[in-house]
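Single-structure report; data block below.
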Amino acid sequence: MTAHEESPFRAEVAQWMAANLAGEFACLKHRGGPGDEDAFPELRKAWERRLAEGDWTGLGWPRAHGGRELPVMHQVIFHEEYARAGGPGRMGHIGEGLIGPTLIAFGTEDQKARLLPGIRNGTTFWCQGYSEPGAGSDLANVRTRAVCDAASGDWLVSGQKVWTSLAHDSDWIFVLARCEPGSRGSKGLIFLMLPLDQPGIEIRPIRQMGGGAEFNEVFFDGARAAAADVLGEPGDGWRIAMALLGFERGISTLGQQMQFTHELEWVAKAARDNGSSRDALVRQRIARAWAGLRVMRANALRMLAGAAQAGQDGEDVDMALQREALIYKYYWSNWHRDLGQLALDVLGPLANVLDAGDTRRTRLQQMALFSRADTIYAGTNEIQLNIIASRGLGMPREARGQS
């Protein structure tokens with residue numbers, strides 16, 4: 001897409017955001033991101049419906065499933081302008097960005113007809129049931145069990161998931177569970193979709209040090225997943241789960257980077273206001289953070305271009321296996337953790353003082369606290385380096401002891 005073609009669409013997005021992120025939605029600007037996801041949940045759900053009414057959901061989805069089939073660069077522009085305008089964290093992200101594309105790729109016609117419209121219209125919200133207690137970042141160490149009810153063909157789920165974002169505000173959850181007794185690792189898994197409002201499911205909030213409770217523990221005690229809500233085949237859960245994680249490293253990463261840009265601007269302004277920018281080392285760290293953002297954007301565009309080319313060549317597009325995608329989580333999480341530390345250093349002694357009236361300081365404190373978790377959740381640094389080594393560089397897998 002040429003710059004001339006890009007400009008009208010970019011202006012269209014910016015104008016729509018300016019007109020709609022106002023009035024009752026004005027308080028949502030820059031709210032609802034990581035560490036702040038429990039802010040204004042009902043209003044953010046209403047915002048999802050407003051986005052859908054404006055035809056700003058399902059941008060890359062096929063038209064047959066209610067999408068717009070926009071080219072990659074148009075989708076990139078939307079995410080950038082959305083974040084530039086201060087668009088709130090998306091309550092529908094897990095649905096639209098993760099399970100929606102996975103349903104389109106692997107779902108039955110019945111599943112697509114039943115489940116995609118609610119996601120597209122901003123009326124049905126999803127959460128992700130992957131992590132489990134004691135499993136660390138080892139996603140394949142699944143202990144949650146699914147047993148088939150011979151009478152109905154449904155699956156009865158027992159176990160526990162943890163760190164489940166927005167489970168308390170969601171309608172459905174997708175779960176990776178073990179369906180073959182005696183199986184280990186990535187073998188014998190099933191990918192299930194369950195409504196949360198049913199007997200046998202209990203959701204408990206996890207209170208964070210910053211005061212929020214966007215994460216939850218989810219307990220399953222014979223919860224029921226209908227036979228029609230198995231995505232893929234029993235035993236094929238790992239392949240579905242990995243494909244879904246590939247979608248997670250998609251176009252929305254550009255919006256994430258725009259939010260990072262806002263945070264860096266807040267840090268730089270705080271440094272100018274309190275005089276710490278006179279310190280040459282602080283200026284150098286801010287400059288390095290800015291350069292890191294440019295590197296991050298270049299790699300994201302390279303990653304998206306590779307996926308688009310693979311699609312044009314008729315190849316199976318699995319972004320989780322692209323080298324450019326493999327390094328992304330490791331890079332951004334370390335960059336963001338360092339930005340959090342820089343924010344605290346710029347604030348100086350006031351970083352340790354809570355003042356609800358100083359919204360800028362509170363915002364930087366919250367960002368710094370939450371960024372400490374970035375290198376742990378969704379795969380620790382150590383796990384990410386192992387993935388890069390084995391999948392990206394073809395090195396031997398790390399030796400594991402017998403258990």
**Request:** Residue by residue through region 100-135, note down the ones that are of a type in the set (Ser, Thr, Tyr) and part of a loop (DSSP other than H, G, I, E, B).
**Result:** Thr108, Thr123, Thr124, Tyr130, Ser131
**Request:** Find all pairs meeting these conditions: Cβ atoms under 8 angstrom apart; at least six residues apart or on different chains; first residue within region 50-63 and without any contact (Cβ under 8 Å) to a residue 24 or more places away in the chain and assigned by TED's automatic domain parsing to the domain that holds Trp16; second residue in a loop (DSSP other than H, G, I, E, B) and of a type in the set (A, V, I, L, M).
**Result:** Leu59/Leu70
**Request:** Could you tell me whether Gly97 is in a helix (DSSP H, G or I), among the small types (Gly, Ala, Ser), touching a residue at least 60 places away in the same chain (Cβ under 8 Å) and under 23 Å from Tyr130 (Cβ atoms)?
**Result:** yes
**Asked** Which one of Ala389, Ala351 is among the aliphatic types (A, V, I, L, M) and either buried (at least 18 other Cβ atoms within 10 Å of the Cβ) or farther than 24 Å from Asn299 by Cα (or both)?
**Response** Ala351
**Prompt:** Residue check: is Glu42 crowded, with 17+ Cβ neighbours inside 10 Å, at pLDDT 95 or above and either in a loop (DSSP other than H, G, I, E, B) or acidic (Asp, Glu) (or both)?
**Reply:** no
**Request:** Could you tell me which numbered condition Leu339 fails, if it satisfies all but one of (1) farther than 20 Å from Gly185 by Cβ; (2) outside the structural domain of Met296 (by TED's automatic domain parsing); (3) of a type outside the set (Ser, Thr, Tyr)?
**Result:** (2)
**Request:** Might you let me know whether region 327-335 holds any residue that is at pLDDT 95 or above and at positive phi?
**Result:** no
**Complete:** Flagged in region 383-403 as in contact (Cβ under 8 Å) with a residue 12 or more places away in the chain and farther than 18 Å from Gly185 by Cα, in numbering order, are Leu385, Ile388, Gly392
**Asked** Residues Gly211, Gly200: which one is more than 22 Å from Lys112 (Cα to Cα), surrounded by fewer than 19 Cβ atoms within 10 Å (Cβ to Cβ) and at pLDDT 95 or above?
**Response** Gly200
**Request:** With respect to Ala52, determine if the residue is crowded, with 16+ Cβ neighbours inside 10 Å and in a helix (DSSP H, G or I).
**Result:** yes
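The values are calculated or read from the model by the stated rules, or taken from the named source; none is laboratory data. In this text the structure is predicted, and so the values were computed from the model without any measurement. Methodologically, a virtual Cβ is constructed for each residue, glycine included, from the backbone with ideal geometry; neighbour enumeration extends over all protein chains shown.
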